[in-house]
Structure formats: structure tokens, C-alpha cells
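Inspection log for the structure reproduced underneath, given as C-alpha cells.
The values are calculated or read from the model by the stated rules, or taken from the named source; none is laboratory data. Computed from a prediction, not measured in an experiment: that's the story for all the values here. All Cβ positions, even for glycine, are placed from backbone atoms using ideal geometry, and neighbour counts span all protein chains on display. To get the accessible areas, we keep the full protein, side chains included, count just its heavy atoms, and leave off ligands, DNA and RNA. Shrake-Rupley method; radii C 1.70, N 1.55, O 1.52, S 1.80 Å.
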Amino acid sequence: MDSATVRNLLVRGMLAGLAAGLLALVVAYFLGEPRVDEAIAFEEAHAHEHGGEELVSRTMQSTAGLSTGVLVYGVAFGGIAALAYCFALGRIGRFGPRASALMLSTAGLLAVYVVPFLKYPANPPAVGDPDTLNQRTTLYFLMVVLSVLLTVGTVILGKRLAPRLGNWNATLSAGAFFVLVVGLAYAVLPSYNMVPEGFPGTLLWQYRLAALAIQVTLWTAYGLVFGYLAERVLAPRTAAAQRGSATQATPVPH
């Protein structure tokens, strides 16, 4: 793949990330922010000491701050995912641009978010000990790195086993290897259960499900949008033919 194609895919990846970020922003605002407000209300109601005046108002945080954070993240995420797509294209099988983009986004969602999330789920305000924040952050990113490396290793293992075991058995064997190693990591790495007494369990899970929904929206939308844009770069004739067939009117029998 020449540098011009990589550059075109990078730009389109960032645009797809922006579009996916917009959709994720809607989910975050309507599903995540109400849960954050409830958690903050619980924290304030049970706080023994009240801090000084906040530098940024809650309204600003939930609107301009949220929008800026999600959209900037979406653009950066889209660019990185596009570069990963350029590297993976043709190495994960003979799939078209759209299928490759959707497979990559699905694998990325599982490796980058779902696997670490199951060990260290997102917590709303009032949940978590500030004294262990650095340790928990380090462990979370360690889990992300481990999950990504295991995903890459699983794909390589499956491709090497395929000639001897066949695609189906190779996929099952590689998947079992992934589950086994992730399970060992879950067992070895420390866990944290720092939910304060009286914190509503329903609110905790609603917040975590909202966080998961945001990531599912982001990765799924990116895979669909970027797959469409990548196809126009990598297979312009196929994309044009599909658009042409979609616009042709179906003849009405007389």
C-alpha cells in the first residue's frame, strides 16, 4: 500500500472517527450524564466536608466539556484505527474493505474495551478510593495492553494452526488460548471493590452499561462508516457499481 493510499485512509479514518464520536456523544449525553448527576448527588449528600467552589460548572462539564472530549477522542481514535487497518488489511484474510473494517472494529472493541472492562469496570463519581487511583489506572492500562497483545497473538496462532487443523478447529483452538490466558490474568491481577455503603446498586450498573453502550456505539459506527469510505478508496469501481445499482429504478411489468 503506497503512502498516498495510507494518507487517504488516515484522513477518512479521522472523519469516520468524528462521525462515530458524534453518535457516541448523543449516547453519552442521554444515557451517561444523568447517571453521573445521580452519583454526584449521592456523593454530595454523604460528604463530610464540602470542597471549595468548582473551577468548571457541572453544566459546562456535561455540555462543552463532554463534546470536546468525545469528539477529540473520536478523531484521534479514528486516525489510530485507520493506521491499524492499513497494517491488517490483507493479513487477516481475503475480506473486502467493508468486512475488514467491521472485523477490525469488532476485534478492537473486544480487545481495547470489553476485556479490560470485565476486570476493571467503569465507576461513577463517589465509587473508588482516591488513594488507589494511580494503581488502578496503571492496572487498567496494563490490562488493555495485555488484551491487545493477546488478540494479535491469537490471530497469528489461528493462522498458523489453520493449515494443520482447518479453519474451524484453528479458530476454536486460538479462541480457547485467548480465554485461558485472559482468565489467568483476571485471577492474578488484583481486584478492587470500593463501592461505598448505601450506594444504589442499580445506579452503579446503569452507569456501567451506559459506559459500555458509548463504546459499542463508537466502535460499531466507526466500522460501518470507515468501511464505506475505505471501499471508495480501495475499490472505487465496486463502490460506484453498488451506488449505481441502488439508484436504478426497478422496471414495472406491464
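Data table
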{"read-out": "Odd one out for GLY90, checked against (1) without any contact (Cβ under 8 Å) to a residue 60 or more places away in the chain; (2) open to solvent by 30 Å² or more (accessible area, probe 1.4 Å); (3) of a type outside the set (A, V, I, L, M, F, W, C); (4) assigned to a helix (DSSP H, G or I)", "value": "(4)"}
{"read-out": "Those residues of the range 159-178 which are out of contact with any Leu (no Cβ under 7 Å at 6 or more places or on another chain) and either exposed (fewer than 15 other Cβ atoms within 10 Å of the Cβ) or closer than 12 Å to ALA107 by Cβ (or both), in sequence order", "value": "ARG160, PRO163, ARG164, GLY166, ASN167, TRP168, ASN169, LEU172, GLY175, ALA176"}
{"read-out": "Residue ID - surrounded by the fewest Cβ atoms within 10 Å (Cβ to Cβ), chosen from residues in the range 93-118 that are hydroxyl-bearing (Ser, Thr, Tyr) and under 11 Å from the mean Cα position of the chain (by Cα)", "value": "THR106"}
{"read-out": "Among (1) of a type outside the set (Val, Ile, Thr); (2) assigned to a helix (DSSP H, G or I); (3) modelled with pLDDT of 90 or more - the single one LEU133 does not satisfy", "value": "(3)"}
{"read-out": "First in the range 98-121 and over 11 Å from MET143 (Cβ atoms), second anywhere and small (Gly, Ala, Ser) and open to solvent by 30 Å² or more (accessible area, probe 1.4 Å), Cβ under 8 Å, 6 or more apart", "value": "LEU104/ALA84; GLY108/ALA84"}
{"read-out": "Flag for VAL27 being under 23 Å from ILE214 (Cα atoms), in contact (Cβ under 8 Å) with a residue 60 or more places away in the chain and either of a type in the set (A, V, I, L, M, F, W, C) or touching a helix residue (DSSP H, G or I) at 6+ places or on another chain (Cβ under 6 Å) (or both)", "value": "yes"}
{"read-out": "Which listed residue is surrounded by 15 or more Cβ atoms within 10 Å (Cβ to Cβ), over 19 Å from the mean Cα position of the chain (by Cα) and of a type outside the set (A, V, I, L, M, F, W, C), from GLY65, GLY74, GLY128", "value": "GLY128"}
{"read-out": "Flag if ASN123 is open to solvent by 60 Å² or more (accessible area, probe 1.4 Å) and out of contact with any strand residue (DSSP E or B) (no Cβ under 7 Å at 6 or more places or on another chain)", "value": "no"}
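Results for (1) under 19 Å from the mean Cα position of the chain (by Cα); (2) of a type in the set (A, V, I, L, M, F, W, C); (3) open to solvent by 60 Å² or more (accessible area, probe 1.4 Å), shown as yes or no for each residue.
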residue: GLY201; (1), (2), (3): no, no, no
residue: GLN206; (1), (2), (3): yes, no, yes
residue: ALA211; (1), (2), (3): yes, yes, no
residue: GLN215; (1), (2), (3): yes, no, no
residue: ALA221; (1), (2), (3): yes, yes, no
residue: VAL225; (1), (2), (3): yes, yes, no
residue: GLU231; (1), (2), (3): no, no, no
residue: ALA235; (1), (2), (3): no, yes, no
